[in-house]
Amino acid sequence: MQPCGHSGKLFPHEDLRLTILDLRLRREGMLLGLTAVLVAYFLVWLPGPAVGLRFLGFEIGEWIKFLGVGMARNYFYLPPITLGLMLALWTAVWPTNWKAWLARGTAVAVSLLAFPAVEAVLSEPPSEWLLRLALIGLVTVVAAAAHWLGRWPHLVWILIALLGLAGGLLPGWEYGVVRPLVAQVVAQPIGIGIGVWLNGAGHLLAAALAMIETSSLFRLRRTKK
């Protein structure tokens, strides 16, 4: 005979404790992933042979335009955009309080890392910087609307997963394209900076956790039917 209620468990609150622990781990994992993306943008992406040829994440997009890669260099400005969007969307499933609005303001501030230089806006064609301004505007709109987006948590988590995949794969893929071009210019082999790896890891961790949340929501919906 089982000594505890209808659950048939020795500890009737065991499932609840495990659920709370699981939710806490997911939340901390998401925070870890987003923090990794931010830190990665300030680390070395292109480890050139000399100090003047080592570029951080926020520098590489500007430098490689001289290699003639065209609009593809915008992929290197993607991490602060995807980070800002993921953070803003994540707050949609938070309780509405000052912490949520502070995080939304942080999301917009982070996206400004992709802001083009004033000189570029004044002297270069719009094709060189207009897309980045539009994406920063998108982050601002999403941050402002996050409170209402919380009505559709499934959509929120799906979007976070897609953004995590895009931010984790596209900049790394473009670095793979640019890397041999740089090696040809400097006449030396070029490695892959830690920033590239950490950016990919942080984005993909966020994407994986978002997929888990999406799966949990769909399972919960099925059990309610």
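Read-outs: derived from the displayed coordinates by stated rules, not from any lab. The shown structure was predicted, so the numbers you read here are calculated from the model rather than taken from an experiment. Here the Cβ positions follow ideal geometry from the backbone for every residue, glycine too, while neighbour counts run over all protein chains shown.
Per the listing 148, 94, 98, the residue uniquely among the aromatic types (Phe, Trp, Tyr) and within 18 Å of the chain's Cα centre (by Cα) is 94. Taking the listed residues 72, 107, 88, 92, the one that is of a type in the set (A, V, I, L, M, F, W, C) and either outside any helix (DSSP H, G or I) or surrounded by fewer than 20 Cβ atoms within 10 Å (Cβ to Cβ) (or both) is 72, with no other qualifying.
Scanning the range 131-141 turns up no residue that is touching a helix residue (DSSP H, G or I) at 6+ places or on another chain (Cβ under 9 Å), under 26 Å from residue 54 (Cα atoms) and not in a helix (DSSP H, G or I).
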